[in-house]
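Data block below; observations after.
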Amino acid sequence: MQIGNRPCRIYGEAHAEYLLLQMTGEHELQSIDHEVTVTAQSGRNFLFAAVPVESWNDALSPWEAPAVWGKQGFGGNAADTLRFLTEQVIPTLKQQFELSENIKIILGGYSLAGLFALWASTQINLFYGVAAASPSVWFPGWMEFEQRHPIQAQHIYLSLGDKEEHTKNAVMAAVGNNIRTLHSRLAERGADCTLEWNSGGHFKDADLRTAKAFRWVMAEHA
């Protein structure tokens, strides 16, 4: 389905209870079908929208930052991406699929898209939950920013691969301590949150990890 100038992939049906949104890159399109199939094993009634981004590093980074690996830095265009979601994607889907005005919206994603979901929730109080699988919480300045602008969603899933912090890259090695600190912070503030450790490095089972994230946020927690 074309929304604005982007071909979005939509799964699910009208009158859903949850609206799941995921910013996706070219490299993920092969595995989205499988991710949605696994997410659907939750038995929940949801509509899922995979929203493509053209430049992954630019579209999902909250502010500019130099390259951390390779040569490509980060353009800091997350605000434009969030505006596209709130002004075009969500209203279009609500109208097209007759979603209730107060549908539970869960923003999720993997890696930098996971960081984007966390950051978006510091900007607006629109999201019921955030499904952040292996999010890039090593991103320069993120932890200090979140301290000043707390995440507003009440249901937050965080995960990391147990090998991710064992890297020679000094910036990215902070990911383990940062995610533990973020989880503690959220718990202290009284949010419904969890931190799950998966086996392996960053590029293992991205689709399964993201599906797990969405399923957790849709589950009821006592």
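The values are calculated or read from the model by the stated rules, or taken from the named source; none is laboratory data. Keep in mind it's a predicted model, so treat the numbers as computed, not measured. Note: ideal-geometry Cβ built from the backbone for every residue, glycine included; neighbour counts use all protein chains shown. Note: areas computed on protein heavy atoms with side chains; ligands, DNA, RNA excluded. Shrake-Rupley method; radii C 1.70, N 1.55, O 1.52, S 1.80 Å.
Structure notes:
- Where the range 50-185 is the region considered: accessible area per residue in Å², 1.4 Å probe: 42 Å²
- When the listed pairs K168/K204; K104/K212; K71/K104 are checked against a 28 Å cut-off, the alpha-carbon distance exceeds it for K71/K104.
- Fully extending the segment from E144 to Q2, taken as 0.36 nm per residue of separation minus the present Cα-Cα distance, adds 47.4 nm.
- When you filter the trypsin sites (Lys or Arg not before Pro) in the range 151-190 for DSSP loop state and at most 10 other Cβ atoms inside 10 Å of their Cβ, you are left with K168.
- Build a GNM of the chain with springs between Cα atoms under 10 Å apart, and of I156, I106, I90 the one that fluctuates most is I90.
- For the range 85-194, GluC sites (Glu not before Pro) meeting the loop criterion (DSSP other than H, G, I, E, B) and having at most 16 other Cβ atoms within 10 Å: E98, E101.
- Neighbours of E28, meaning other residues whose beta-carbon lies under 9 angstrom from its beta-carbon, give a summed charge of -3 when Lys and Arg score +1 and Asp and Glu score -1.
- Surface composition of the chain: carbon and sulfur atoms hold 48% of the protein heavy-atom accessible area at a 1.4 Å probe.
- Max mean-square fluctuation residue, GNM over the chain, Cα-Cα springs under 10 Å, options F97, F127, F74: F97
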